[in-house]
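The values are calculated or read from the model by the stated rules, or taken from the named source; none is laboratory data. None of these values were measured; they are calculated from a predicted model. Reconstructed Cβ throughout: ideal geometry from the backbone, glycine too, with neighbour counts over all protein chains shown.
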């Protein structure tokens with residue numbers, strides 16, 4: 001990896017961040033008259049901890065990652081956008097990503113006016129590190145890897161990912177939104193081995209809290225410090241922080257629900273494989289299953305008429321006639337199977 005100052009945008013590296021009242025004073029006091037807050041309706045009259053230290057402390061113990069290596073944002077979308085703003089000079093730099101993958105990488109590139117290079121997966125939804133690296137040039141700042149990948153569901157081989165980490169001198173982002181459903185290990189244990197690695201995780205999937213909008217980014221303390229310079233001062237509100245603490249204190253419940261989803265996923269996949277309208281079930285390490293159908297557009301509309309909303313991926317690269325189906329409860333899965341059994345083209 002190049003030195004951080006050589007890949008961060010010059011204006012960002014030299015940025016003097018906004019200093020909020022809660023940055024300047026940490027601790028207990030009897031009277032707070034420093035932040036122009038309303039003195040009534042405690043505790044929600046007070047600004048939240050801008051660095052979410054109580055939440056990070058609990059995440060640190062659970063994930064075995066130092067607090068200094070953790071950034072919290074509004075979903076994973078905030079750190080995704082921040083990565084562009086920190087590392088990519090608009091109209092000059094570019095990023096490289098696999099295709100198909102999570103659509104926000106491309107959308108954020110367009111928002112930030114950064115060129116987006118796509119490298120197609122093969123027919124088995126796998127990638128070659130050598131092919132991916134060929135798509136980079138001197139202005140490539142970020143490589144995006146979503147593993148397990150969305151919408152394909154598969155986790156990428158460790159050997160290929162590590163080839164990229166070793167060979168690329170920019171930032172490699174491992175988006176692990178679905179890692180809790182995978183038999184493959186997280187790359188969190190590799191943070192100290194690769195200073196160019198950023199790992200994204202989220203409370204939206206396994207933690208059952210998509211509506212809370214809380215995402216995690218893990219990276220070197222140097223990269224995290226730049227995240228904290230650029231983010232909005234109070235990006236994670238007090239309600240979200242308090243809710244996250246409750247979740248983290250009840251991790252056993254999360255593990256139980258993940259185990260239930262995995263059990264349902266296996267049964268669901270077997271049942272889907274017996275349906276005449278489905279021609280292929282793709283292997284998955286996530287909480288969803290990508291299936292190839294005889295007519296994705298028709299089946300999608302049919303399911304809508306039955307009150308069932310799946311995700312039509314027809315028209316996405318390498319996903320012709322594919323539908324992505326999230327694993328639901330056992331009852332919901334049975335209803336989906338029953339509806340598809342009755343489908344007639």
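Would you mind telling me which numbered condition in (1) buried (at least 17 other Cβ atoms within 10 Å of the Cβ); (2) free of Cβ contacts under 8 Å to residues at least 40 places away in the same chain residue 57 fails?
Residue 57 satisfies every listed condition except (1).
(1) surrounded by 11 or more Cβ atoms within 10 Å (Cβ to Cβ); (2) at pLDDT 95 or above; (3) under 33 Å from the mean Cα position of the chain (by Cα); (4) over 27 Å from residue 167 (Cα atoms): which one isn't true of residue 37, the others all being true?
With respect to (1) surrounded by 11 or more Cβ atoms within 10 Å (Cβ to Cβ); (2) at pLDDT 95 or above; (3) under 33 Å from the mean Cα position of the chain (by Cα); (4) over 27 Å from residue 167 (Cα atoms), residue 37 is out only on (3).
Let's see how each residue does on (1) buried (at least 23 other Cβ atoms within 10 Å of the Cβ); (2) touching a residue at least 40 places away in the same chain (Cβ under 8 Å):
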{"position": "174", "(1), (2)": "yes, no"}
{"position": "190", "(1), (2)": "no, no"}
{"position": "199", "(1), (2)": "yes, no"}
{"position": "206", "(1), (2)": "no, yes"}
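Could you tell me whether any residue of the range 69-81 is under 18 Å from residue 215 (Cα atoms) and either surrounded by fewer than 17 Cβ atoms within 10 Å (Cβ to Cβ) or assigned by TED's automatic domain parsing to the domain that holds residue 317 (or both)?
Checked the range 69-81: no residue is under 18 Å from residue 215 (Cα atoms) and either surrounded by fewer than 17 Cβ atoms within 10 Å (Cβ to Cβ) or assigned by TED's automatic domain parsing to the domain that holds residue 317 (or both).
Exactly one condition in (1) over 22 Å from residue 159 (Cβ atoms); (2) in contact with a strand residue (DSSP E or B) (Cβ under 6 Å, 6 or more places away or on another chain) is false for residue 143; which is it?
(1)
Mind listing whichever residues of the range 133-148 are surrounded by fewer than 22 Cβ atoms within 10 Å (Cβ to Cβ) and touching a helix residue (DSSP H, G or I) at 6+ places or on another chain (Cβ under 7 Å)?
133
Considering only residues of the range 276-300 that are touching a strand residue (DSSP E or B) at 6+ places or on another chain (Cβ under 9 Å) and more than 21 Å from residue 125 (Cα to Cα), which is surrounded by the most Cβ atoms within 10 Å (Cβ to Cβ)?
299
Can you tell me which residues in the range 100-114 are over 16 Å from the mean Cα position of the chain (by Cα), touching a residue at least 12 places away in the same chain (Cβ under 8 Å) and surrounded by fewer than 20 Cβ atoms within 10 Å (Cβ to Cβ)?
Those that are over 16 Å from the mean Cα position of the chain (by Cα), touching a residue at least 12 places away in the same chain (Cβ under 8 Å) and surrounded by fewer than 20 Cβ atoms within 10 Å (Cβ to Cβ): 111, 112, 113.
Based on what the data block shows, is residue 272 surrounded by 14 or more Cβ atoms within 10 Å (Cβ to Cβ), at pLDDT 95 or above, under 30 Å from residue 309 (Cα atoms) and in contact with a strand residue (DSSP E or B) (Cβ under 7 Å, 6 or more places away or on another chain)?
yes
Among (1) without any contact (Cβ under 8 Å) to a residue 60 or more places away in the chain; (2) closer than 27 Å to residue 156 by Cβ; (3) surrounded by fewer than 18 Cβ atoms within 10 Å (Cβ to Cβ), which single condition is residue 310 missing?
(3)
May I ask you to list the residues in the range 246-289 that are touching a residue at least 12 places away in the same chain (Cβ under 8 Å) and within 17 Å of residue 204 (Cβ to Cβ)?
Result: 247, 248, 251, 254, 257, 258, 261, 285, 286, 287, 288.
For the range 130-149, give me each residue that is over 20 Å from residue 6 (Cβ atoms) and under 19 Å from the mean Cα position of the chain (by Cα).
Passing the criteria: 144, 145, 146, 147, 148, 149.
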